[in-house]
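Just below is one structure, and these are the notes that go with it.
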Amino acid sequence: MSEELCTVRAVAAELDLHPKTVLRYIHEGKLPATRVGKSYRIRRSDLAQLVGMPLASERSAGRTTVTAVADVEDVTADEAMAAANVFSAAGMGRDKGSAPLHVSTTHYPAQRRLKVIVIGSPADAARMLQLIDVQIGNLR
């Protein structure tokens with residue numbers, strides 16, 4: 001029933017900010033806090049709402065990340081640009097609370113090769129690899 005409370009100093013360390021910046025957020029009303037004596041206590045849920053994502057201590061707990069590299073041969077510059085736009089849009093068009101998905105593309109014109117690097121959860125990386133397969137199939 002009781003929620004974890006953090007000090008201004010702990011919040012500043014978690015967000016990599018100066019404690020005075022955290023106090024300014026409290027005074028401006030951006031970060032709800034309760035005054036206890038001469039100091040403030042911040043609920044962890046209010047802190048998570050301020051940053052809009054899980055905190056560093058919560059992010060690393062039990063998360064599995066996959067890095068996948070796809071090399072696609074015989075791709076023109078125009079095809080590579082079209083594919084890169086699709087992959088970038090798919091990586092960016094995600095829900096706010098979902099796990100991060102990073103997609104990077106590089107085209108090597110001399111070798112006519114497109115390299116796609118995907119970093120994310122196993123399920124997201126698998127879906128992105130399926131999208132790469134479908135998109136490259138549509139180019140052919």
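Readers should treat all values here as calculations from the given coordinates under stated rules, not as data from a laboratory. None of the values given here were measured: they were computed from a predicted structure. As a convention, Cβ positions derive from the backbone with ideal geometry for all residues, glycine included, and neighbour counts pool all protein chains shown.
Multiply the residue gap between D78 and A123 by 0.36 nm, knock off their C-alpha separation, and tell me the result in nm, one decimal place.
On the way: separation 45, 0.36 × 45 = 16.20 nm, distance 2.92 nm.
Stretched out fully, the D78 to A123 stretch lengthens by 13.3 nm.
Pairs on different chains or at least eight residues apart, Cα atoms closer than 22 Å: how many lysine pairs in the chain fit?
4
Which shape class, rounded, prolate or oblate, goes with the range 66-139 when its Cα gyration tensor gives a ≥ b ≥ c as root eigenvalues, a/c under 1.5 marks rounded, and past that a/b bigger than b/c marks prolate? Intermediate results must be reported in sequence, preceding the final value.
Numbers: a/c = 2.15, a/b = 1.91, b/c = 1.13.
Cα axes put the range 66-139 in the prolate bin.
Could you give P(r) for the range 5-59, binned at 5 Å from zero, as whole percent values over all Cα-Cα pairs?
Values per bin, smallest distances first: 4, 21, 36, 28, 9, 3, 0.
At what distance in nm do the modelled label points of T7 and A48 sit from each other, each positioned 7 Å from its Cα along Cα→Cβ?
Distance between label points: 2.3 nm.
Looking at the chain, do any whole DSSP H helices span at least 15 angstrom along their long axis by alpha carbon and average 0.0 or above on Kyte-Doolittle, and which? Each step should come with its number before you reach the end.
Numbers: long enough: 77-92 (22 Å, 0.73); 122-139 (26 Å, 0.44).
Span-like helices in the chain: 77-92, 122-139.
Rounded to the nearest 500, what is the 222 nm mean residue ellipticity of the chain from helices alone, with -39500 (n - 2.57) per DSSP H run of 4+ residues and division by all residues?
Numbers: 6 runs with 64 residues, N = 140.
Helices in the chain give a 222 nm mean residue ellipticity of -13500 deg cm²/dmol.
Between rounded, prolate and oblate, where does the chain land on the alpha carbon gyration tensor, with a ≥ b ≥ c its root eigenvalues, rounded for a/c under 1.5, else prolate if a/b exceeds b/c? Mind showing how you got there, number by number?
Values: a/c = 3.81, a/b = 3.04, b/c = 1.26.
Prolate is the answer for the chain, as a/c is 1.5 or above and a/b outweighs b/c.
To the nearest 20 debye, what is the magnitude of the charge dipole of the range 66-139 about its Cα centre, counting +1 on the Cβ of each Lys and Arg and -1 on the Cβ of each Asp and Glu?
Charge dipole, the range 66-139, about its Cα centre: 240 debye, nearest 20.
Please check the chain for the longest run free of GluC sites (Glu not before Pro) that are loop-located per DSSP (anything but H, G, I, E, B) and have at most 11 other Cβ atoms within 10 Å.
Here the longest segment lacking exposed loop sites spans 5-140.
Order these by the 10 Å Cβ neighbour count, fewest first: D46, D74, D124, D16.
Details: D46 17, D74 12, D124 22, D16 7.
Least to most surrounded, the residues fall as D16, D74, D46, D124.
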